[in-house]
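Undergrad: Submitted below is the structure of interest, expressed as C-alpha cells.
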Amino acid sequence: MLIAHAPTGMLMAAVLIKLKPQAVSWQRWYLMGAVMGVLPDLDMLWFYLVDHRQYHHHVYVPHWPIVWLSISVLALVWYGIKQSKAAACAVLLGLTGISHMVLDSVVGDIGWLKPWHDGLYAMFEVSNRYSAWQLNFIIHWSFAMELGLLLLAVWQWRRKRLQSITTMRA
C-alpha cells in the first residue's frame, strides 16, 4: 500500500471516537489515527539508513502482526479497567497497526506467523512490469482500493467538520 495507511488510520479513529474521553478534540483524534496508521512504516528508516535495502522492510518487527495484536489486547484490557485518554489512544494504536498489516497483506508480503514461521503471505501479487516499482503498484487494481479509502476518509472528515460547525451555530 502506498497511500491508504493514513486515511485508514483516520477512519479507524472515526470508528473508535466513542472511546475517546472528551479532553481530545475530534480533529486531534483523527490526526492521531492518521499518524498511527503509518507508524509501522517507520521501519523504512532502518531499511534505507542501516540495512541498505538488504531485506524487505516487511520482515522487520514493526510489520509482525503479533506485535499489533498484543498491543490491541493489552490496550483493550487497560481500557476496560480504566477508561482513560491514554488507554483509548493505546487501543487506537493497536487497531491502526492491525489495519496496517491487513492493508499490506493485500499486495504486500506480511509474516502473519512470525516469529514462529518465516513465511510471508499476500492475497494478490503485483507483477513487475516497469523499472519504477511504484508504477507497478499505481497501475495495479489495488490502487483503486487505496484511492477509495482516501476518498472515504476525506468524506468522513468533511462530514464531521460540517457536523461540528452546525453544532457550534446551534
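Undergrad: Looking at PRO7 and the list (1) buried (at least 17 other Cβ atoms within 10 Å of the Cβ); (2) farther than 13 Å from GLN156 by Cα; (3) of a type outside the set (A, V, I, L, M), which single condition is not satisfied?
TA: Checking PRO7 against (1) buried (at least 17 other Cβ atoms within 10 Å of the Cβ); (2) farther than 13 Å from GLN156 by Cα; (3) of a type outside the set (A, V, I, L, M), the one that fails is (2).
Undergrad: Let me ask you something else. Give the number of residues within region 48-60 that are surrounded by 13 or more Cβ atoms within 10 Å (Cβ to Cβ) and without any contact (Cβ under 8 Å) to a residue 40 or more places away in the chain.
TA: Count: 3.
Undergrad: Right, another one. When only residues in region 71-117 that are surrounded by 14 or more Cβ atoms within 10 Å (Cβ to Cβ) and part of a loop (DSSP other than H, G, I, E, B) count, which is nearest to the chain's Cα centre (by Cα)?
TA: Of everything passing the filter in region 71-117, GLY108 is nearest to the chain's Cα centre (by Cα).
Undergrad: Name the single residue that is nearest to MET10 (Cα to Cα) among those in region 126-145 being in contact with a helix residue (DSSP H, G or I) (Cβ under 8 Å, 6 or more places away or on another chain) and surrounded by 10 or more Cβ atoms within 10 Å (Cβ to Cβ).
TA: Initially, region 126-145 is screened for residues in contact with a helix residue (DSSP H, G or I) (Cβ under 8 Å, 6 or more places away or on another chain), giving 126-130, 137, 140, 142-143, 145.
Then drop every residue that is not surrounded by 10 or more Cβ atoms within 10 Å (Cβ to Cβ), which leaves 126, 130, 137, 140, 142-143, 145.
Values: VAL126: 26, TYR130: 32, PHE137: 22, HIS140: 24, SER142: 19, PHE143: 18, MET145: 16 Å.
In this case the residue turns out to be MET145.
Undergrad: Related question: Counting just the residues of region 10-44 that are among the β-branched types (Val, Ile, Thr) and in contact (Cβ under 8 Å) with a residue 60 or more places away in the chain, which one comes out most open to solvent (accessible area, probe 1.4 Å)?
TA: Among residues in region 10-44 that are among the β-branched types (Val, Ile, Thr) and in contact (Cβ under 8 Å) with a residue 60 or more places away in the chain, the one most open to solvent (accessible area, probe 1.4 Å) is VAL38.
Undergrad: Would you say ALA75 is farther than 25 Å from PHE124 by Cβ and either in contact with a Ser or Thr (Cβ under 7 Å, 6 or more places away or on another chain) or without any contact (Cβ under 8 Å) to a residue 24 or more places away in the chain (or both)?
TA: Spelling it out, ALA75 is indeed farther than 25 Å from PHE124 by Cβ and either in contact with a Ser or Thr (Cβ under 7 Å, 6 or more places away or on another chain) or without any contact (Cβ under 8 Å) to a residue 24 or more places away in the chain (or both).
The values are calculated or read from the model by the stated rules, or taken from the named source; none is laboratory data. Keep in mind it's a predicted model, so treat the numbers as computed, not measured. Methodologically, a virtual Cβ is constructed for each residue, glycine included, from the backbone with ideal geometry; neighbour enumeration extends over all protein chains shown. Ligands, DNA and RNA are stripped out before the accessible areas are found, and what is left, the full protein with its side chains, is counted by its heavy atoms. Shrake-Rupley method; radii C 1.70, N 1.55, O 1.52, S 1.80 Å.
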